[in-house]
1. In nm, to one decimal, how far is the Ile5 label point from the Ile84 one, both placed 7 Å along Cα→Cβ?
2. For labels at Asn70 and Ile30 in the simple 7 Å Cα→Cβ model, what's the distance in nm?
3. Using only Cα atoms, tell me the angle between helix 2-21 and the longest principal axis of the chain; keep it within 0 to 90° and round to the nearest 10.
4. So how far apart, in nm, are the two label points at Thr58 and Leu15 if each is 7 Å from Cα heading toward Cβ?
5. Once you sort the root eigenvalues of the Cα gyration tensor of segment 27-92 as a ≥ b ≥ c, which label holds: rounded (a/c under 1.5), prolate (a/b larger than b/c) or oblate (the other case)?
6. Looking at the chain, what % of its DSSP beta bridges pair antiparallel, to the nearest 5?
7. On a 0 to 90 degree scale, rounded to 10, what angle separates helix 79-92 from the longest Cα axis of the chain?
Amino acid sequence: MIKQIFATVLLVGVLTLLIIGADIKEGNIISQSGNIKKEPLEIILGKYLCKESNTLITDLYNTAQAVMPNGDTYFFNDIANVFIWLMRQKKQR
């Protein structure tokens, strides 16, 4: 009985921390359209979210961008997330 209560309290605590820790605001940007030049855009720290992990980009180290043929630019907080996202795009085709 005590183990079940402890497990429930622990689960609720972890979920609460995840919800509170999620830094997703209305002003955060996951993608930018209209990049006609198809060049990397300047990343403003604390404004962009990683397309794959939905984490806030707070450091430029290992960040990446994917620019699509239509000019849509997606931002990633780690180069590995780009590869994961690209593999998922290939599977969807």
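Each value in this text was obtained by applying a stated rule to the coordinates, not by laboratory testing. Computed from a predicted model, the values in this text were never measured in an experiment. No Cβ is skipped: glycine too gets one built from the backbone with ideal geometry, and neighbour counts run over all protein chains shown.
1. Spacing of the two 7 Å Cα→Cβ label points: 3.8 nm.
2. 1.5 nm
3. 30 degrees
4. 2.5 nm
5. Taking the square roots of the gyration eigenvalues as a ≥ b ≥ c, segment 27-92 is oblate.
6. Numbers: 7 of 8 bridges.
Taking every DSSP beta bridge with both residues in the chain, the antiparallel ones total about 90 percent.
7. The angle comes out at about 80 degrees.
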